[in-house]
Amino acid sequence: MLRCSSFAGYTKASVERFLMSQAAYFGPLPPGPIAGPVPLKLVRSTVTRAFLTTDGHWTNQLESAAKFTSHSHALAAVQKFDLRAVELYYLFSEDGPTPYDFTLPLAQPLTTP
């Protein structure tokens, strides 16, 4: 699974702009919209690898995890439940994990001096 910790601290828009700028390396894009699977976004603990549920609890079952349609909805849940040490997990198939799934950090753990 691709880990994107090198993008920590950047906004989603700036990361997307960077990734799209690198797409030119692979040749011109075909005209029109690009069709493909739209990944679901899940909030996952970086410590336990459990997924957030809609009521703010944790589960190891993908079926019970809260599935967000946008980055901003997932971030709102992180803020609502005041979560730390979590990542955004992009799930490309509701049937389970695929080799294309990846994560982006959302909230870092609190540090003590």
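Key figures
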{"item": "Options ALA66, ALA50, ALA74, ALA13; residue that is hydrophobic (A, V, I, L, M, F, W, C) and at pLDDT below 90", "result": "ALA13"}
{"item": "Hey, PHE51 touching a Gly at 6+ places or on another chain (Cβ under 6 Å) and more than 11 Å from LEU106 (Cβ to Cβ) or not", "result": "no"}
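Quick grid of which residues meet (1) buried (at least 17 other Cβ atoms within 10 Å of the Cβ); (2) part of a strand (DSSP E or B); (3) on the phi > 0 side of the Ramachandran plot:
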site	(1), (2), (3)
PRO37	no, no, no
VAL47	no, no, no
ASP55	no, no, no
GLU63	no, no, no
ALA76	no, no, no
GLN79	no, no, no
ASP82	no, no, yes
THR98	no, no, no
THR103	yes, yes, no
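The values are calculated or read from the model by the stated rules, or taken from the named source; none is laboratory data. These numbers were taken from a predicted model, which means no experiment stands behind them. In this analysis, Cβ positions are derived from the backbone assuming ideal geometry, glycine residues included, and neighbour counts consider all displayed protein chains.
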